[in-house]
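The values are calculated or read from the model by the stated rules, or taken from the named source; none is laboratory data. Every value quoted in this text rests on a predicted model; they were computed, and no experiment measured them. Reconstructed Cβ throughout: ideal geometry from the backbone, glycine too, with neighbour counts over all protein chains shown.
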Amino acid sequence: MQADVTRTVVEKQLADVRELAQTNNWEVEADLEALAVEVRMQSPVDDEEYVIHLDCEGFDEKPPYVEMVHPETGEVGDYEAYFDDRGKNPNIIAYGDGKKDPVLCHQYNRRIYEDDATPHGNWTMADWQSDADNLTTLGDIVADIYHRISDPERYQGRYDGQR
């Protein structure tokens, strides 16, 4: 039952993601059975390609689990799959225990709550929508990431694994 509700929400929000994709020349793939969406986009700053994977299980009661996928190897979560947005605050890159474990540290990423990777003890998944700075739809989330890789003051290229 919950999966059907989530599937309906994701399907409705995919229309916005696809509209953004058409405007910005992204590629969107969705697997509604698996409740997963992938968006492939390029930074207009340096033409680097990025792939965002959103696991939408439980969405929108819970935020999607957002991971970056290496565009060439398909490896999920490798530091080279991520962008470096540390040129201007607030940045979104945070680090887990190792070089191969960066994370998009934002309230819209379920990984922050489930993997206990957040340095923010005051973030709770129950409040994710009110805390996520109006970035609560799939379109808002991918647009935020695109904005980060499009801003030449913020964007520093592909993440090199250095803290």
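A compact table of results
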quantity	calculated
Candidate set: the range 78-107, residues that are outside any strand (DSSP E or B) and of a type in the set (A, V, I, L, M); chosen: the one modelled with the highest pLDDT	81
Meets criteria (modelled with pLDDT of 90 or more and of a type in the set (D, E, K, R)) for residue 114	no
Test: residue in the range 39-54 that is more than 22 Å from residue 92 (Cα to Cα) and either free of Cβ contacts under 8 Å to residues at least 40 places away in the same chain or not aliphatic (A, V, I, L, M) (or both)	no
Any hit, the range 4-24, residues being closer than 28 Å to residue 161 by Cα and assigned to a strand (DSSP E or B)	no
Boolean, residue 39 is closer than 27 Å to residue 130 by Cα, in contact with a Gly (Cβ under 7 Å, 6 or more places away or on another chain) and among the β-branched types (Val, Ile, Thr)	no
Residues satisfying the stated conditions in the range 2-22, i.e. without any contact (Cβ under 8 Å) to a residue 12 or more places away in the chain and of a type in the set (Val, Ile, Thr)	5, 8
